[in-house]
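The values are calculated or read from the model by the stated rules, or taken from the named source; none is laboratory data. Source: prediction; values computed, not measured. Here Cβ is always computed from backbone atoms with ideal geometry, including for glycine, and neighbour counts include all displayed protein chains. With ligands, DNA and RNA removed, areas are computed over all heavy atoms of the protein, side chains included. Shrake-Rupley method; radii C 1.70, N 1.55, O 1.52, S 1.80 Å.
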Amino acid sequence: MDFNVKKLASDAGVFFTRAVQFTEEKLGQAEKTELDAHLENLIARADCTKNWTEKIFRQTEILLQPNPSARIEEFFYEKLDKKIPMRTTNGELLGQYMLDAAKDFGPGTPYGSTLITVGEYQKKLGGAERDFLQTSAINFLTPLRNFLEGDWRTISKEKRLLENRRLDLDVSKARLKKAKLAEAKAAAAPDFQETRPRNYVLSASASALWSEEVDKAEHELRVAQTEFDRQAEVTRLLLEGISSTHVNHLRCLHEFVEAQATYYAQCHKHMQELQKELRSANGDSIPNAFTGSPSTSAVLAGPSGLSSSSLPGASPPARPPVSSGHSGLEASTLKIEEVQPPATGTRKAKVLYDYDAADTSELSLLADELITVYTVPGMDPDWLIGERGNQKGKVPVTYLELLS
């Protein structure tokens with residue numbers, strides 16, 4: 001190890017001198033060279049960009065990987081320049097547990113077969129999540145990290161160098177000012193009545209020395225000013241590149257949103273397919289199925305969890321078809337007046353759209369009114385029995401929002 005004592009002592013002296021200079025500037029006891037307004041604005045904009053990029057980057061990491069231990073593990077893999085091992089998503093793990101449970105319960109049982117169906121779709125959801133995480137990491141996190149660990153480090157280095165050049169320039173200005181004051185004092189008119197000519201000789205010699213010191217200080221000031229101007233130009237060019245950084249991050253942000261939209265659309269599609277499979281598999285085997293039936297979840301429209309009526313420009317859904325295969329409750333045989341509400345299982349529902357009854361077995365509806373609904377064994381899951389006062393009839397589930 002090359003241990004240079006002289007260099008260490010010199011660096012320590014420079015550090016101490018600049019610390020004193022900073023203190024004097026803060027106390028107003030030393031002059032400070034101000035940067036031009038354009039450069040100051042560029043520095044402020046760059047600092048703002050760095051701070052917010054860092055916050056967005058950290059929070060996106062937490063969004064994509066909530067487990068801090070996993071984030072630390074990935075960080076070390078990246079620093080060691082090794083490939084991050086494939087990690088099973090929570091959805092895939094849940095799906096595998098359901099498939100394993102179905103083997104023990106018996107795949108031929110209703111519960112076992114449903115576990116198999118739901119487990120397969122949970123694994124599909126987990127796969128979609130994996131694709132989303134990988135796409136977001138490549139298209140969004142990586143560019144932000146490259147800016148923070150690459151471009152910003154270069155900018156910070158040049159900013160520090162500019163600050164050092166400014167301090168050197170201020171030191172040169174102070175030295176020149178001090179030399180000129182001393183020269184003026186030494187060049188003051190000597191007293192020719194002085195009986196001791198030796199003092200006059202010493203005064204002239206001091207004046208010549210200070211004149212030489214002024215010339216040297218002026219040369220140092222010109223050199224310091226040139227280096228400061230050159231460094232200010234280099235820093236300015238780097239800081240103006242922040243605009244290109246914003247453009248790049250804007251493109252990455254669009255790609256991140258596109259990945260999110262694709263991921264949530266895939267999840268919504270998988271859940272709709274799962275609901276259809278469960279409806280077709282369950283049939284009429286579960287009494288009062290509408291209380292937890294997948295068909296009623298269609299009332300809470302879409303993946304956002306908002307009701308259809310709250311969406312702008314929403315239009316009434318299509319009239320559900322009347323199934324001809326349900327036993328005993330077909331449109332031609334259903335006798336509404338004989339249907340009695342169950343002891344338990346009735347619920348309140350808000351009507352989302354106007355609905356005109358197609359026949360006497362149905363109940364016409366007005367938007368925003370409240371009615372009581374319930375189902376009866378063997379009834380088509382797309383329909384419920386609705387009551388409003390003394391009126392009673394079938395109502396389509398998709399026109400309702402269940403409240404309780």
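In terms of solvent-accessible area of protein heavy atoms at a 1.4 angstrom probe, what is the ranking of His254, His246, highest value first? Working shown, then result.
Details: His254 120, His246 75 Å².
So, going from the largest accessible area down, we get His254, His246.
Say the cut-off is 30 Å between C-alpha atoms; which of Lys55/Lys157; Lys50/Lys83; Lys83/Lys276; Lys159/Lys180; Lys83/Lys123 go over it?
Lys83/Lys276; Lys159/Lys180
So, counting K/R as plus one and D/E as minus one, what does the shell of residues with Cβ under 12 Å around Leu181 add up to?
Working: positive: Arg175, Lys177, Lys178, Lys180, Lys185; negative: Glu183, Glu213.
Cβ neighbours under 12 Å give a net charge of +3.
What's the local net charge at Trp210, with K and R +1, D and E -1, over the other residues with C-beta under 9 Å away? Could the numbers behind the result be given before it?
Numbers: positive: Lys180, Lys185; negative: Glu183, Glu212, Glu213.
Value of the local net charge: -1.
For the pair Ser211 and Asn51, what calculated FRET efficiency results from E = 1/(1 + (r/R0)^6), where r is the Cβ-Cβ distance and R0 = 41 Å, to the nearest 0.05?
On the way: r = 51 Å, r/R0 = 1.24.
Using R0 = 41 Å, I get an efficiency of 0.20.
Mind grabbing the accessible area of Leu35 for me, 1.4 Å probe, Å², rounded to tens?
We get 40 Å² for Leu35.
Contour minus end-to-end for Lys335 and Glu218, with contour as 0.36 nm per residue of separation and end-to-end as the Cα-Cα distance?
Details: separation 117, 0.36 × 117 = 42.12 nm, distance 10.93 nm.
Stretched fully, the Lys335-Glu218 segment lengthens by 31.2 nm.
Heavy atoms only, 1.4 Å probe, whole protein assembly: order Cys48, Cys252 by accessible area, highest first. Present the calculation step by step, with values, prior to reporting the outcome.
Values: Cys48 65, Cys252 0 Å².
Putting Cys48, Cys252 in descending order of accessible area: Cys48, Cys252.
Enter the accessible area of Leu93 (Å², nearest 10), with the probe set to 1.4 Å and all protein chains included.
70 Å²
Could you pull out every one of the lysines with an alpha carbon less than 26 Å from that of Lys335, ignoring same-chain neighbours closer than 8 positions?
Qualifying lysines at Cα under 26 Å: Lys348, Lys350, Lys392, Lys394.
With a 1.4 Å probe and all protein chains in place, put Asp354, Asp100 in order of accessible area, largest first. Don't skip to the answer; put the middle values down first.
Working: Asp354 100, Asp100 65 Å².
Descending order: Asp354, Asp100.
Might you work out the accessible area of Tyr121 for me, using a 1.4 Å probe with all protein chains in place, and round it to the nearest 10 Å²?
10 Å²
Label Leu237 and Leu93 with points 7 Å out from Cα along Cα→Cβ: what is the distance between them in nm?
In this crude spin-label approximation the distance works out to 5.2 nm.
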